[in-house]
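The values are calculated or read from the model by the stated rules, or taken from the named source; none is laboratory data. Note that the structure is a prediction, hence the values are computed from the model and not measured. Counting neighbours? That spans all protein chains shown, and the Cβs are built from the backbone with ideal geometry, glycine included.
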Amino acid sequence: MQHYNSDPETSVLLSTMVMGDIGTEKLMADVVFIMEPSTDQELEQEALKNILAGNEDNKLDIIKFVCAGTIEEHIVKLGEMKKDDPERKIPRNTEEKIHECVEDLCYLMKQNSS
């Protein structure tokens, strides 16, 4: 990340949102391509806020790739359902996180098999 932000010759950064600390560092970018859908809309929004914060003119084009008819499409739908569910609480411990992951996987397997 430091190299990307400090070297003007570097114009492309390829990273996952989780592994690349994109959610924690300010980046300078004009265009973001989201290539991996996430069920965690908050993580995605946090990453985009930090990219926007590093952008001097506050303009950011976001292009999200989702292949129709694939599990990616169901992952995006699951993320939207989780975001819109007012009763959904944030997992507080490892056991709750594991339970949520199992629920998500069960949902995705059902959707992908139909």
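In this structure, does GLY79 turn out to be closer than 20 Å to ASN5 by Cβ and surrounded by 12 or more Cβ atoms within 10 Å (Cβ to Cβ)?
no
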- Determine the pairs where a residue that is within 17 Å of ILE34 (Cα to Cα), located within segment 47-61, has a partner that is among the charged types (D, E, K, R) and modelled with pLDDT under 75 with Cβ atoms under 8 Å apart, the partner being 6 or more residues away or on another chain. ASN50/GLU25; ASN50/LYS26; ILE51/LYS26
- Message: Could you list, ordered by first residue, the pairs with Cβ atoms under 8 Å in which the first is in segment 3-16 and touching a residue at least 40 places away in the same chain (Cβ under 8 Å) and the second is basic (Lys, Arg) and surrounded by 10 or more Cβ atoms within 10 Å (Cβ to Cβ), at least 6 apart or interchain?
- Response: ASN5/LYS26
- Filtered residues of segment 4-43 (kept if of a type outside the set (Gly, Ala, Ser), assigned to a helix (DSSP H, G or I), out of contact with any Lys or Arg (no Cβ under 6 Å at 6 or more places or on another chain) and at pLDDT 75 or above): GLU42, LEU43
- Hey, can you tell me all the residues within segment 47-81 that are of a type outside the set (A, V, I, L, M) and farther than 26 Å from GLN111 by Cβ? LYS49, ASN50, GLY54, ASN55, GLU56, ASP57, ASN58, LYS59, ASP61
